[in-house]
Every structure is written in C-alpha cells, then in structure tokens.
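Inspection log for the structure reproduced underneath, given as structure tokens.
Read-outs: derived from the displayed coordinates by stated rules, not from any lab. What you see is a predicted model, and the numbers here were worked out from it, not measured in a lab. Glycine gets a Cβ as well: all are built from the backbone with ideal geometry, and neighbour counts include every protein chain shown.
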Amino acid sequence: MFFHIVLERNMQLHPRHFGRDLRDKIVSKLMKDVEGTCSGRHGFIVAITGIESVGKGLIRDGTGFVTFPVKYQCVVFRPFKGEVVEAVVTMVNKMGFFAEAGPVQIFVSNHLIPDDMEFQSGDMPNYTTSDGSVKIQKDSEVRLKIIGTRVDATEIFCIGTIKDDFLGVISDPGATS
Amino acid sequence: MAEKGGGGFLPGGKSALKSSAGKDDNSARSKKGKKVQFDAEGGWGKGGKGDKVANGSKKSTGKATPPGDRKLEQELPQNTTCMMDCEAAEILQGIQDNMITLSQDPDIKIPVSLKKFGVSDAEICLIANIHPESVDEVFALIPALTAKMDKLRDPLRIALGELAKLKEALSELANIKVSR
C-alpha cells in the first residue's frame, strides 16, 4: 500500500558544492540518494514530494564535509500482511510463481495455488486448470493476498496466496480486453 | 479586457470570486451544472498585477527607464506578491474544484464516508485498490469487516457503486485519449 510520510535524513555535502546553490545541491543529492531505495522500516521510497526543512549544517571534525539534517515528504510503498494486491507474474516454476506488485516481489508457493491448477513445463511454463480455462504464466495479472512479509535492512520480500475466494488471475497476457 | 476590481487588489468577497471565476466560467458551469453557494471569504491579499489594464505601449527610447515605469514598483502595496493571470487562474480553478465540497447547496450530496462506520483508513484504501465488484467480495477479502457486516452492507454497496462509476468514467477518458 502507498503511504505519504515525513522522513528525516542527514545529508553530507562536500565543500565543493558550497555556494549560491547550496540548498538545491542538497535537495538533488537527497533525491539521488533516496529515491528508489528501500528501508525495512518504511518500505520502498518511491518519490520525494517536498522538502519540509533543511537544518543548520554541522562541520565534521577532520574532514571538510558538512552534515545537514533534512526533513522531507515522500511517497513510500510498504506491503502488509493481509493486504490484497494485484501483481504481474514474472517467473513460473514447479515450486510456485514469482509476481511483482510495484517494487516488491511476491512469491506464491504451489501449496498456496488452488489444487485444481497443475504445473505445465515447457517453453512457457505455466499453471493451468484441468479444463484449461484458467492459465497463469509470465505477464499474467493476478490478484493475491500477502500472507507474510520478510523485512531486513534494505529489502522486503513477501509470500502470497491465491487459494482464497476472489483471488487468482485477472487477465491473460494474450487476451483481448 | 474588463478591468476587474480596479486598483491593485482583487477585493475580497462574493462578487470578486464570481467575476474573476468568469474567465473559466464556461468550463466550470458545464462541469458542475449549477452555481455553488459559499460564504464570502476575506483576505485576498495578493496584489493583482494581472487584472490591471495592461499598458503595452513602450514609450522609452531604450536608454534609461523613464520615470513613469520606475514609479510602478512604488505604487504597489508592500508585502504583496505579484501574480500572473495564469497563476491566478490556476489557484482559482483549484478553489472552484473544492467549492463543491464546501458548498451549502442541499442538492449536492456527498455519500457518507465509510469512516463513520468504523472502517479504518487502511481498509478504505484497500477496498479502493482492489476494485471489488460486489459487497461479498469485500467481506471475503477483508475478513476484519465481517464483524460489522450488517451495518456495512448498505454503505459499502453505495461506495462500490460510486467507485464503479468512477472507474468507468476514467476508462472512457483513457479510450478517448487513445483514439485521438
């Protein structure tokens, strides 16, 4: 789920950037450093929407670097247990399939795929129902429920299921809408 | 170009907003369908450079700014920011878009938010993200809501109806854009 949050970060700036555009340099360095990263606590930082404040700079002893505490608003994406998301399948193998919902990768094990779907290996490995009506292959869109998340310092990984009601394939990659 | 308000300020109050909204009136009227009532707001402190009669003719020979131009800055009131027409239009358009929620007009009804029934913000976001087609789908996917099933059935049905209308409108808009 997406959130809008205020975060704080200490930006270190080399003296060569000091001058008229100091604030702009701090902001652009912040955007370069932070956008696209993931923190276990807040989730994936998708984009910075605004700068709340830039504090006074403190010169570090020994080097000429200066540290500025910056408060900024940003959009983050953090998956939660129990959340229902729509994801795109990226890889299918006999253990299950991997899907991506935005920046986060979700694995659905074959134990959490309905029993009537069988793995078919081949050129395009896929899971298909016995009557061939529903197929899950690469680039299919599926709705899944996240049943667990593993969070470490810089990465979030999820486990999902499609075994419940109203979950499963939304659209086939080859189907005309 | 009609001179609105005269002098430096856009005067506060109903008349000013109605007249300055007149620029975007046609598009706004066709969008909303009727004028929206609101209480007069004061404090329009921004000096309206855009609404002065534009004195386009340059009389200077190009050497030094003639005394007439220099005095313009002095005539403007202190502690004000000049605004261009386009900047003012953007701000006023945003206010007009908000007016529908602020209006006292009884015909414009906003459905009761699900929050009043104890649905948390996260659950509301979840419902909106999954585009459910039926109320049963919502209860199946968010088991926590089944505790208040009786109370929530009707408001959920209304909310899902509105969501579906919105989704249809958005996809039609996307189709129009694509076909162009």
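Let me make sure I get this right: for chain A, a, b and c are the square roots of the gyration tensor eigenvalues over alpha carbons, sorted descending. Under 1.5 in a/c it's rounded, otherwise prolate if a/b > b/c, else oblate. Which is it? Cα axes put chain A in the prolate bin. Taking label positions 7 Å along the Cα-Cβ direction at both residue A:51 and residue B:146, the computed distance is 5.1 nm, reported to one decimal. Projecting the Cα atoms of A:58, A:69, A:95 onto the charge dipole of the stretch A:1-96, computed from C-beta unit charges around the Cα centre, puts A:58 farthest toward the positive end. The C-alpha atoms of chain A define a longest principal axis, and helix A:22-34 lies at about 20 degrees to it. Sorted ascending by nearby beta carbons within 10 Å, beginning with the fewest, A:127, A:72 become A:72, A:127.
What shape does the stretch A:84-176 have by the C-alpha gyration tensor, where a ≥ b ≥ c are the square roots of the eigenvalues, rounded means a/c under 1.5, and otherwise prolate means a/b greater than b/c and oblate the rest? Judged from the Cα gyration tensor, the stretch A:84-176 comes out prolate (a/c at least 1.5, a/b above b/c).
Counting beta carbons within 10 Å around each of A:38, B:82, A:158 and listing the fewest first gives the order B:82, A:38, A:158.
Could you list B:177, A:163, A:81 in order of exposure, starting from the residue whose Cβ has the fewest other Cβ atoms within 10 Å?
On the way: B:177 8, A:163 17, A:81 11.
Going from sparsest to densest Cβ surroundings: B:177, A:81, A:163.
Dividing the summed -39500 (n - 2.57) terms of all DSSP H runs of n ≥ 4 by the residue count of chain A sets its mean residue ellipticity at 222 nm at -2500 deg cm²/dmol.
Output the pairs from A:163/B:167; A:138/B:116; A:81/A:135 with a Cα-Cα distance over 31 Å in this structure; if there are none, say none.
Values: A:163/B:167 27 Å; A:138/B:116 42 Å; A:81/A:135 26 Å.
Pairs exceeding 31 Å: A:138/B:116.
Highest mobility in the GNM of chain A, judged by mean-square fluctuation with C-alpha springs under 10 Å and restricted to A:147, A:162, A:59, is found for A:59. Answer rounded, prolate or oblate for the stretch A:2-77, using the Cα gyration tensor with square roots of eigenvalues a ≥ b ≥ c: rounded when a/c is under 1.5, else prolate when a/b is larger than b/c, else oblate. Prolate.
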